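The values are calculated or read from the model by the stated rules, or taken from the named source; none is laboratory data. What you see is a predicted model, and the numbers here were worked out from it, not measured in a lab. Cβ atoms come from the backbone with ideal geometry, glycine included; neighbour counts cover every protein chain shown.
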Amino acid sequence: MNPAERIDRRRAGQPAVDLFEEAVALLRRTPTDAFFAYLLGAVPFYAALLLFVSDMSRNAFAWRTLPEASLLVALLYLWMKCWQSVFAARLRALLTERPDAPWTLARIGRLVATQVAWQPWGFIFRALAAQIIVPYAWAVSFFQNVTVLGDGTRHENSTLAARAWTQARLWPMQAHKALAILWIFGLFVWINVVAVLGLTPVALRMFFGIATAFSQSIESYFNTTFFGASFALTALLVDPLWKAIFVLRCFRGDALRTGEDLVVELRQAQSSRRAPLAAAVALLLTCASVGAADAPSAAPVSAASAAELDARIGEVLARREYAWRAPRELSFEQENVGWFQGWMRGIGKALLRAGDAAGETVGEFFRWIWSKLFPSATPIRSAASWDWLGATKALLVLLAVACAVLVAWALWRVMQRSRSKLTLAVPARAVPDLRADDLAADQLPEDGWLALAREHAGRGELQLALRAAWLAGLAHLGERQLLSIARHKSNRDYDRELHRRARTRDELLGAFGENLRLFERSWYGRHSVGAEDFTVFEGNLATIRKEAQ
């Protein structure tokens with residue numbers, strides 16, 4: 001690549017795929033303490049956010065702790081942004097191969113003040129930009145640049161906002177492509193995280209016999225806590241790559257003015273392991289000079305041409321002792337691409353092959369239709385000999401046949417409806433067996449359970465009548481949104497849930513607790529149910545129905 005092409009490439013920016021490749025390589029070289037700094041800021045915020053969402057969506061009295069809980073989440077968000085700026089500073093120091101500036105109290109104060117002043121506005125501007133769609137990449141780039149550049153170091157030339165906005169306007173196509181690739185990559189990461197979280201309870205039950213609510217009912221997965229945990233883990237896995245991409249963008253953008261990337265490349269070239277090659281060249285030049293000095297003065301040797309010197313150097317470098325350090329030559333079919341670009345290119349080739357196969361299959365199908373509709377016509381052999389007029393006629397014939405079939409089917413349906421009246425059958429609800437172990441209170445309405453209780457009480461089966469009355473009470477509380485009926489929940493789970501949702505209703509809690517005690521000692525214990533016990537149970541049930549209104 002000549003210098004002019006190199007300058008043009010630096011000004012145009014890297015392709016988005018190459019940027020991802022370099023970001024992955026940068027993260028591979030990142031030390032462990034840098035990732036620890038990132039997790040020190042991110043894990044507390046995502047844990048608090050998950051608890052906040054879970055409490056606000058399930059706790060009936062969450063409004064009482066809303067102000068302090070939301071303030072804690074906001075403070076932890078700023079805490080995370082400060083540590084993300086520290087992480088970005090470590091990546092930039094690794095990229096420039098220079099030690100980071102010392103973390104003095106003044107620098108820490110500037111970092112905190114910068115992030116606190118700018119990052120809260122990101123929620124507002126990113127939401128507005130998402131509604132307008134077009135400037136979303138610029139808004140995201142600006143606040144990510146604030147995280148990267150606002151590391152507390154002093155810059156006398158311009159303010160932080162001006163530098164961040166200048167970097168955000170650089171290479172817009174690269175930013176949009178990088179954002180699209182990251183969303184696709186994050187989607188696949190999220191699918192893998194959901195698969196791991198979903199299969200973990202199954203593995204615990206299969207290998208260790210540990211039963212959880214997730215392994216007992218698939219409905220337990222469909223809640224805000226599960227999806228919030230999957231999103232938080234996905235962000236923890238994908239966001240460091242996002243930060244590395246913007247560290248590279250800011251570094252390349254500043255290098256257009258300062259030339260720092262060229263300084264880094266020169267430093268790498270000086271410190272690279274090319275000593276054997278340099279020694280070989282020096283030895284060749286020394287031997288040539290000694291030979292020229294020993295030659296007779298009557299026959300002076302003319303200076304070697306540049307082509308001859310290059311040929312001699314190439315012969316020396318081609319020797320066995322130096323060949324192992326030379327770069328591997330690529331064959332005609334090989335290309336110098338990274339793993340991500342190669343993976344994307346392989347997917348593209350596979351899609352093209354699948355499209356070609358599908359096109360060939362469709363072509364065969366149309367050729368078969370052509371031979372059936374027009375047996376005497378010339379068969380279609382290739383795209384070059386495609387008869388567009390005949391194909392149009394065949395397509396019109398197919399559309400006419402399809403319309404005729406559709407009209408005939410519609411007339412048949414109308415005639416069928418006119419001949420017979422449509423009757424709606426209401427399936428009868430099966431009467432559950434009160435002796436079964438897997439009964440749930442939502443199998444019958446409250447009146448259905450009470451009818452079963454009266455029926456068994458009339459036959460003297462007070463134990464079954466007591467169970468039906470207990471399920472009637474659960475069904476009543478479920479209809480009043482004081483309990484969430486689920487097959488995997490135990491009676492103690494219902495008791496704890498009722499104490500959370502109706503903590504101020506002492507009479508309701510007392511009646512429910514007394515009925516719970518009467519039911520469990522008769523159903524799970526050896527205590528027989530008498531007429532007096534059933535009367536007390538019915539009185540408590542009346543109290544529950546009254547207080548739950």
Glu97 passes all but one of the listed conditions (1) farther than 28 Å from Leu19 by Cα; (2) at pLDDT below 85; the exception is number (1)
Here, helices (runs of 4 or more DSSP H) confined to the stretch 167-271 with at least 3 residues that are under 26 Å from Lys81 (Cα atoms) and either at pLDDT 85 or above or of a type in the set (Gly, Ala, Ser) (or both) are 172-208, 224-258
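What number of residues within the stretch 102-112 are exposed (fewer than 13 other Cβ atoms within 10 Å of the Cβ) and assigned to a helix (DSSP H, G or I)?
Here is the first cut: in the stretch 102-112, the ones exposed (fewer than 13 other Cβ atoms within 10 Å of the Cβ) are 102, 104-106, 109.
Next, from what is left, pick out any that are assigned to a helix (DSSP H, G or I): 105-106, 109.
Total meeting the criteria: 3.
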Checking the structure you have, find out if any residue of the stretch 166-176 is under 30 Å from Ala47 (Cα atoms) and free of Cβ contacts under 8 Å to residues at least 40 places away in the same chain. no
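Mind checking which residues of the stretch 489-545 are outside any helix (DSSP H, G or I) and farther than 19 Å from Leu434 by Cβ? Give the derivation first.
Let us first name the residues in the stretch 489-545 that are outside any helix (DSSP H, G or I), namely 489-490, 502-505, 524-530.
Within the stretch 489-545, Ala502, Arg503, Thr504, Arg505 meet the criteria.
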Note: among Gln174, Gln167, just one is surrounded by 18 or more Cβ atoms within 10 Å (Cβ to Cβ) and either touching a Cys at 6+ places or on another chain (Cβ under 7 Å) or not assigned by TED's automatic domain parsing to the domain that holds Leu26 (or both), namely Gln167
When every residue in the stretch 491-521 that is out of contact with any helix residue (DSSP H, G or I) (no Cβ under 7 Å at 6 or more places or on another chain) and in contact (Cβ under 8 Å) with a residue 40 or more places away in the chain is compared, the one surrounded by the most Cβ atoms within 10 Å (Cβ to Cβ) is Arg501
Residue set Ala161, Ala139, Ala130; condition assigned by TED's automatic domain parsing to the domain that holds Pro31, in contact with a Lys or Arg (Cβ under 9 Å, 6 or more places away or on another chain) and not charged (D, E, K, R); output residue Ala139
Log entry, pairs with first residue in the stretch 211-228 being over 18 Å from Asp438 (Cβ atoms) and in contact (Cβ under 8 Å) with a residue 60 or more places away in the chain, second being in a helix (DSSP H, G or I) and of a type outside the set (Lys, Arg), beta carbons closer than 6 Å, six or more apart or on different chains, reads Thr224/Val53; Thr224/Ser57; Thr225/Ser54; Gly228/Leu50; Gly228/Val53
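Residue-wise test of (1) buried (at least 17 other Cβ atoms within 10 Å of the Cβ); (2) in a helix (DSSP H, G or I); (3) in contact (Cβ under 8 Å) with a residue 24 or more places away in the chain.
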residue	(1), (2), (3)
Leu39	no, yes, yes
Val43	no, yes, yes
Ala48	yes, yes, yes
Phe52	yes, yes, no
Met56	no, yes, no
